[in-house]
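Structure, as structure tokens:
Read the figures in this text as sums done on the coordinates, not as results from a lab. Keep in mind it's a predicted model, so treat the numbers as computed, not measured. Glycine gets a Cβ as well: all are built from the backbone with ideal geometry, and neighbour counts include every protein chain shown.
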Amino acid sequence: MKATARAHTNIALIKYWGKKNQNFILPYNSSLSMTLDAFYTDTTVEFNEAFTENQFFLNDNRVNNEMATRVFDHIKKITTLLNQPNLPHFKVWSTNHVPTAAGLASSSSGFAALTAATVKAMGLELSKSELSRLARLGSGSATRSLFGGFAMWSTGNDLTSVGSAIDEHPEMDLHLLAIETNNARKKIPSRSGMQNTVETSAYYDAWVEKAKNDLDLMTYAIKQNDFELLGKVAENNAMAMHATNLAAVPSFTYFEPDTLIAMQTVQELRDNGISCYYTLDAGPNLKILTQSKNIEAIKTYFNKKLPKASIIQATFGPGIQYLS
Ligand code: ADP
Ligand code: DP6
Ligand code: CO
């Protein structure tokens, strides 16, 4: 009763930001993402009669805090929902090939890999859609990491609000450069950040309306293989999401001084005729969307502007994989 799964992170081009139902993790708006090849999580789950307690190891270290509780609760939810409540104790070993809780979507790959490994270790086979529904109960963004390429997560009820593939092998020439200016754990987790915004931001309703329109535009951009439209809509959608946080009470932001420098740098590159756009999640690290021909020029310019930042290059990644 042991299995290992690999899930890649995804970057939302149309963001999920706010839960209609916090128990079932049902979102106010549908979201759309690109799965990334450069960032992923490998997770092994083993159920064993010889184990005397449940244990969670992240990056080779035993974890005993709320992260472990979230993992244990997730496995208990899965075993209950799949009608196998009396399984033996388990151990979970997970390695994040992505900074943890730094706004680079570790919860998306983390809970997708955990869900797939748990179900396989139980000896069950579920569809990606069924796995996505279970992954959602761990972290909303994980719904999309079961799928490669472009994926979306639809609004709905507990059974219908799941991820699906839009195009697992897109033809679009699309690359992402993650500008890592601060990989420390964020002070405001995505979960509490979005909840505070739902409850207090005067801009929240406007955000939900806008996200619906942006999703239509983004779907069209993907169909038309239109990078410019994709980049413009993604950047604007990300900034609208971050604007809801500025209007929350009390106001908060994930932006840091280096985030603003990185945004200005993208603007300068565009002024110089280099086509690139940015997006960012609940964290300070900017992600640039661009095409092959511009990658080197962008890296060179960023090395001058933000010499301390690491730049990680990514393109489309695959859906869930089983390593054993
Ligand atoms: P991020 O931007 O990295 O997704 P979040 O605040 O959404 O940040 O989620 C971070 C949380 O996700 C961590 O505190 C932890 O609870 C969980 N997490 C991250 N990686 C893993 C993993 N590999 N296995 C299980 N849980 C994980
Ligand atoms: C800004 O999926 O991390 O990255 O469901 O509470 O675990 P929980 O939140 P999470 O939120 C992700 C927010 C985002 C946008 C996105 O990925 O769609
Ligand atoms: Co997250």
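Computed about its Cα centre, the charge dipole of segment 14-164 is approximately 500 debye, with only Lys, Arg, Asp and Glu carrying charge at their Cβ. Taking the longest Cα principal axis of the chain as reference, the axis of helix 204-223 is set at about 80 degrees. The longest part of the chain holding none of the exposed loop GluC sites (Glu not before Pro), meaning those outside H, G, I, E and B in DSSP with at most 16 other Cβ atoms within 10 Å, is 172-324. Of the trypsin sites (Lys or Arg not before Pro) found in segment 174-243, those in coil by DSSP whose Cβ has at most 13 other Cβ atoms within 10 Å are R185, K187. Taking square-rooted eigenvalues a ≥ b ≥ c of the alpha carbon gyration tensor, is segment 175-314 rounded, prolate or oblate, where a/c under 1.5 means rounded and, failing that, a/b exceeding b/c means prolate? It comes out oblate by the Cα gyration axes.
Spacing of the modelled spin labels on V249 and E228, each 7 Å from Cα toward Cβ, amounts to 4.3 nm. Along the charge dipole of segment 185-242, Cβ charges K/R +1 and D/E -1, which of L230, T200, P189 sits furthest on the positive end? Of the options given, the answer is P189.
Distance between the C-alpha centers of segment 182-261 and segment 25-45? Whole Å please. A separation of 16 Å, based on Cα centres.
About its Cα centre, segment 233-324 has a charge dipole of approximately 220 debye under the convention of +1 per Lys or Arg Cβ and -1 per Asp or Glu Cβ, with nothing else charged. Using a simple spin-label model with pseudo-atoms 7 Å out from Cα toward Cβ, N157 and S310 lie 4.6 nm apart.
Simple point charges give the picture: +1 on the Cβ of Lys and Arg, -1 on the Cβ of Asp and Glu, and for the chain a dipole about the Cα centre of about 500 debye. I need the calculated FRET efficiency for the pair Q84 and A184, taking r as the beta carbon distance and R₀ as 51 Å, to the nearest 0.05. The calculated FRET efficiency here is 0.85. Holding the Cα-Cα limit at 20 Å, pick out from K91/K120; K232/K287; K232/K304; K20/K212; K15/K232; K212/K232 the pairs that are longer than that. Long pairs (Cα-Cα over 20 Å): K232/K304.
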